[in-house]
There are 2 protein chains.
Amino acid sequence: MANRLVNMPRLQSILSAEGIDAIVATSPENVTYASGYWALSQWIRRGPQTYVLVPAADPEDACLVASSSLLDLLADQRVWVKDVRRFGYFRMDRTEGQLDALSARQAALEDLPVEDDALTALVAALEARGLASARIAVDELGLLPGHWEQLQARLPHAQLVPAMRLFRAIRAVKTAVEINSLRQAAQITERSIAAALAIARPGITEIAMARAFHTQTVAENAWPVLGCIGFGSRSAMPNVQPSETALAIGDIIRFDAGGRYNHYRADIARIATLGPAPDRVRRYHRALHLGVEAALQAIKPGVAASTIFDVAVETVRREGIPHYARSHVGHGIGLDGYDLPDLTPTSSDLIEEGMVLCVETPYYELGWGGLQVEDTVVVRADGVETFMTTSGALMEVGA
Amino acid sequence: MANRLVNMPRLQSILSAEGIDAIVATSPENVTYASGYWALSQWIRRGPQTYVLVPAADPEDACLVASSSLLDLLADQRVWVKDVRRFGYFRMDRTEGQLDALSARQAALEDLPVEDDALTALVAALEARGLASARIAVDELGLLPGHWEQLQARLPHAQLVPAMRLFRAIRAVKTAVEINSLRQAAQITERSIAAALAIARPGITEIAMARAFHTQTVAENAWPVLGCIGFGSRSAMPNVQPSETALAIGDIIRFDAGGRYNHYRADIARIATLGPAPDRVRRYHRALHLGVEAALQAIKPGVAASTIFDVAVETVRREGIPHYARSHVGHGIGLDGYDLPDLTPTSSDLIEEGMVLCVETPYYELGWGGLQVEDTVVVRADGVETFMTTSGALMEVGA
């Protein structure tokens with residue numbers, strides 16, 4: 001179990017509390033989470049189907065439903081699920097000589113019986129486990145419209161309930177292997193910000209700085225995903241996409257960015273100015289930074305997410321932005337960029353040990369600029385352990 | 001119209017042929033296609049909703065349904081749709097001074113009335129156009145389960161039909177701006193393969209070569225997406241993900257890879273060997289290459305996709321791999337990696353001028369290796385114009 005992504009005790013506990021007999025992953029995040037299987041085509045397109053069935057009573061009896069065209073990745077990856085049902089046609093030739101170990105694993109998978117489609121394979125897997133009349137949570141996020149109704153029609157005695165909410169609840173508390181990947185993803189992002197800021201000088205464009213950012217991400221074997229990098233008044237655009245805008249002395253440089261490492265996301269925000277920061281930038285940024293620091297101090301198992309929100313917002317207001325308002329001051333992060341909990345004023349979530357949180361206090365003032373501090377931390381028994389190797393303080397660079 | 005992605009005459013013709021009054025895009029590919037709007041969060045996560053409504057009778061009266069949190073990108077991008085309906089809360093402060101042009105556009109969008117959610121905004125847009133009882137094609141790919149039923153319940157007199165199939169048919173024939181992006185994406189991929197092969201030497205790993213590949217992609221302002229790079233017997237894995245496997249003299253190096261440029265995908269395959277190629281590699285590769293060349297010669301408007309399949313497979317068999325078998329020899333490419341047409345033996349599609357095709361003859365022999373030639377071309381009135389600046393011939397490198 002040590003190198004599994006899935007938090008199996010939490011999965012079992014949540015299924016038990018809801019009276020659910022089995023859960024089925026269908027979306028890329030939940031398939032990878034439940035099994036370790038990263039099925040390329042569903043990650044880069046919408047439509048391709050892959051499923052993981054986990055029976056609540058005996059999770060080791062899980063089943064993976066995989067396309068015949070993706071069995072190579074199943075043979076090559078660390079997937080703990082033993083029972084595989086494949087579907088669809090894919091042509092592979094086979095050499096006449098002895099097979100190496102990897103090829104032999106792939107050959108064994110290709111020799112499995114084949115079903116016509118993914119739903120047929122899933123129905124067979126459920127029936128084989130005596131779950132045809134069970135209460136089954138099905139992840140609605142990866143299904144195509146109509147699939148839910150087809151599944152219900154083929155399992156008329158089953159009670160299907162949506163699983164997206166349950167998977168989000170399960171994924172909220174990370175396992176050790178997830179925490180390690182998230183730490184690395186976060187630190188790769190910090191180094192990518194440093195690499196980008198290293199080329200800051202008057203006249204450099206947002207696009208050039210983004211290129212430096214992503215180049216470092218790739219150099220560390222991560223995938224570029226989020227790259228909001230804006231200069232001057234463009235820093236007020238929450239989702240700013242790099243343009244040919246050139247950097248000038250006194251400009252804010254806002255990063256809200258992060259790649260994907262071992263499938264796990266990063267989401268970090270840092271602010272610099274080219275040359276000395278204007279006074280209001282310095283004052284406002286200090287207040288935002290203190291807001292994050294206060295929130296991090298307040299995070300402990302058992303504390304309400306809404307309390308963290310209040311601490312952050314009240315600190316920012318008291319320390320220098322009296323009109324500061326937000327809908328949230330952070331969120332969980334994992335295979336998805338927005339895992340639970342949400343740090344909102346109305347959240348009913350409690351902080352738990354093992355949650356990995358992005359804590360942030362963005363401030364967007366249209367026509368002036370945007371400032372933001374966003375750190376990633378893991379919740380431990382007595383507070384937070386930060387993933388950050390850099391301070392969220394304002395940086396004055398170049399010039 | 002000149003810089004629009006959407007092929008509006010084709011859209012109107014297909015809607016007219018199917019008796020459809022309006023079409024609604026919901027998936028990221030179709031939203032960007034229909035409007036030019038690239039709404040970050042729906043591209044990197046599943047769940048966030050953005051819609052484009054295009055009335056068949058008057059496409060210029062299109063409507064964009066956008067989240068309040070993504071209005072900055074709408075202000076900053078080339079979006080031709082004038083009517084915007086926003087939904088959801090997002091906090092933006094506004095400076096007291098004069099606004100620059102970009103900030104003023106964003107401010108105007110933020111001053112629009114706000115709806116509670118995306119479906120409510122869509123229903124209002126349909127009602128405002130007298131389409132509440134119309135026959136409406138709705139892209140099912142971007143909706144969440146339940147949305148379809150909710151939409152039908154709120155428009156009880158409307159006839160909703162799935163639009164995914166229609167959008168795929170519309171997108172199959174590219175506009176000039178799409179062709180330019182696809183050409184650039186393909187050529188960036190060729191240069192990324194060259195950059196990767198430039199470091200080929202005994203002992204280099206698949207991961208190191210993938211890093212060189214993606215670094216070049218990023219250097220050309222494209223996003224890494226597909227990076228199947230395998231050595232030796234691992235080249236037989238269709239979806240091979242780079243590992244610590246080290247390159248040895250005589251090894252096959254297989255690339256099936258491509259990034260995303262201006263939102264448009266690339267998918268190119270090339271083969272090299274480290275040092276002189278073993279005889280069977282050379283013979284088989286020559287046959288596969290001739291298969292692609294013959295297919296490209298056969299592609300003309302009006303020819304059946306199934307004919308292209310037959311030409312490719314028969315050529316490969318005749319030229320040296322008598323047992324060659326495939327389910328397809330290529331596909332369209334665009335915002336999605338697999339656009340129409342599919343070059344399959346059972347396809348009923350005809351080749352049309354303006355289609356952009358990936359034509360490929362992969363051969364995977366488990367335990368031995370994989371070989372593949374994949375070129376991207378655009379169909380012109382009298383045949384194909386290739387995007388390739390390199391030959392698909394086998395390359396012998398390094399050593």
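The values are calculated or read from the model by the stated rules, or taken from the named source; none is laboratory data. Owing to the predicted nature of the structure, the values given are computational and were not obtained by experimental measurement. All Cβ positions, glycine included, derive from the backbone under ideal geometry; neighbour counts span all protein chains shown.
Quick look at the values:
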{"quantity": "Positions within region A:133-146 being surrounded by fewer than 16 Cβ atoms within 10 Å (Cβ to Cβ) and either touching a strand residue (DSSP E or B) at 6+ places or on another chain (Cβ under 7 Å) or more than 12 Å from chain B (Cβ to nearest Cβ) (or both), in sequence order", "calculated": "A:133"}
{"quantity": "Breaking point among (1) within 14 Å of chain A (Cβ to nearest Cβ); (2) closer than 30 Å to residue B:30 by Cα, for residue B:321", "calculated": "(2)"}
{"quantity": "In region A:223-233, residue nearest to residue A:369 (Cα to Cα) [restricted to those that are within 7 Å of chain B (Cβ to nearest Cβ) and not aromatic (Phe, Trp, Tyr)]", "calculated": "A:233"}
{"quantity": "Only one of A:233, A:181 that is buried (at least 20 other Cβ atoms within 10 Å of the Cβ), assigned by TED's automatic domain parsing to the domain that holds residue A:342, over 15 Å from residue A:397 (Cβ atoms) and out of contact with any Gly (no Cβ under 8 Å at 6 or more places or on another chain)", "calculated": "A:181"}
{"quantity": "Spans of strands (runs of 3 or more DSSP E) in region A:20-110 with at least 3 residues surrounded by 22 or more Cβ atoms within 10 Å (Cβ to Cβ) and not assigned by TED's automatic domain parsing to the domain that holds residue A:139", "calculated": "none"}
{"quantity": "Matching residues, region A:148-174, being in contact (Cβ under 8 Å) with a residue 60 or more places away in the chain and not in a loop (DSSP other than H, G, I, E, B)", "calculated": "A:161, A:164, A:166, A:167, A:168, A:169, A:170, A:171"}
{"quantity": "Scan of region A:192-225 for residues that are farther than 19 Å from residue B:215 by Cβ and touching a Gly at 6+ places or on another chain (Cβ under 7 Å), ordered by number", "calculated": "A:200, A:201, A:206"}
{"quantity": "Selection within region B:152-168 - within 30 Å of the chain's Cα centre (by Cα) and either within 17 Å of residue B:55 (Cα to Cα) or within 11 Å of chain A (Cβ to nearest Cβ) (or both)", "calculated": "B:159, B:160, B:161, B:162, B:163, B:164, B:166, B:167, B:168"}
{"quantity": "Residue check, residue A:199 free of Cβ contacts under 8 Å to residues at least 40 places away in the same chain, under 26 Å from residue A:396 (Cα atoms) and within 14 Å of another protein chain (Cβ to nearest Cβ)", "calculated": "yes"}
{"quantity": "Every residue from region B:263-309 that is basic (Lys, Arg) and under 21 Å from the mean Cα position of the chain (by Cα)", "calculated": "B:265, B:270"}
{"quantity": "All positions within region A:337-349 that are in contact with a helix residue (DSSP H, G or I) (Cβ under 7 Å, 6 or more places away or on another chain) and either within 14 Å of chain B (Cβ to nearest Cβ) or outside any strand (DSSP E or B) (or both)", "calculated": "A:337, A:339, A:340, A:342, A:343, A:344, A:345, A:346, A:347, A:349"}
{"quantity": "Single residue of region A:55-83 satisfying the filter (farther than 19 Å from residue B:366 by Cα and in contact with a helix residue (DSSP H, G or I) (Cβ under 6 Å, 6 or more places away or on another chain)) that is farthest from the other protein chains (Cβ to nearest Cβ)", "calculated": "A:59"}
{"quantity": "Residue check for residue B:244: on the phi < 0 side of the Ramachandran plot, within 12 Å of chain A (Cβ to nearest Cβ) and surrounded by fewer than 18 Cβ atoms within 10 Å (Cβ to Cβ)", "calculated": "yes"}
{"quantity": "Hits in region B:354-371 (condition: within 14 Å of another protein chain (Cβ to nearest Cβ), in contact with a Pro (Cβ under 8 Å, 6 or more places away or on another chain) and part of a strand (DSSP E or B))", "calculated": "B:364, B:370, B:371"}
{"quantity": "Any chance residue B:27 is within 9 Å of chain A (Cβ to nearest Cβ), under 19 Å from the mean Cα position of the chain (by Cα) and of a type in the set (S, T, N, Q)", "calculated": "yes"}
{"quantity": "All positions within region A:254-286 that are touching a Leu at 6+ places or on another chain (Cβ under 7 Å), away from chain B (no Cβ under 14 Å) and among the aliphatic types (A, V, I, L, M)", "calculated": "A:271, A:272, A:274, A:277"}
{"quantity": "Test: residue B:141 is within 30 Å of residue A:139 (Cα to Cα) and either in a helix (DSSP H, G or I) or over 33 Å from the mean Cα position of the chain (by Cα) (or both)", "calculated": "no"}
{"quantity": "Qualifying residue in region A:374-384 (condition: assigned to a loop (DSSP other than H, G, I, E, B), more than 13 Å from chain B (Cβ to nearest Cβ) and modelled with pLDDT of 95 or more)", "calculated": "yes"}
{"quantity": "Region B:84-103, subset within 7 Å of chain A (Cβ to nearest Cβ) and charged (D, E, K, R), residue nearest to residue A:344 (Cα to Cα)", "calculated": "B:91"}
{"quantity": "Identity of the residue in region A:267-279, among the charged types (D, E, K, R) and touching a residue at least 60 places away in the same chain (Cβ under 8 Å), that ends up surrounded by the most Cβ atoms within 10 Å (Cβ to Cβ)", "calculated": "A:270"}
{"quantity": "Subset of region B:117-137 [under 32 Å from the mean Cα position of the chain (by Cα) and acidic (Asp, Glu)]", "calculated": "B:117"}
{"quantity": "Residue B:12, sole failed condition from (1) more than 14 Å from chain A (Cβ to nearest Cβ); (2) touching an Asp or Glu at 6+ places or on another chain (Cβ under 9 Å)", "calculated": "(2)"}
{"quantity": "Criterion: buried (at least 20 other Cβ atoms within 10 Å of the Cβ), facing chain A (nearest Cβ under 9 Å) and among the β-branched types (Val, Ile, Thr) - qualifying residue of B:292, B:218", "calculated": "B:218"}
{"quantity": "Flag for residue A:334 being under 18 Å from the mean Cα position of the chain (by Cα), more than 30 Å from residue A:278 (Cα to Cα), more than 13 Å from chain B (Cβ to nearest Cβ) and in contact (Cβ under 8 Å) with a residue 12 or more places away in the chain", "calculated": "no"}
{"quantity": "Leading residue by the ranking (farthest from residue A:369 (Cα to Cα)) among those in region A:299-334 that are surrounded by 20 or more Cβ atoms within 10 Å (Cβ to Cβ), small (Gly, Ala, Ser) and in contact with a helix residue (DSSP H, G or I) (Cβ under 7 Å, 6 or more places away or on another chain)", "calculated": "A:334"}
{"quantity": "Tally, over region A:247-266, of residues that are crowded, with 21+ Cβ neighbours inside 10 Å and under 24 Å from residue A:4 (Cα atoms)", "calculated": "7"}
{"quantity": "Residue B:149 vs. criteria closer than 27 Å to residue A:140 by Cα and either away from chain A (no Cβ under 14 Å) or over 32 Å from the mean Cα position of the chain (by Cα) (or both)", "calculated": "no"}
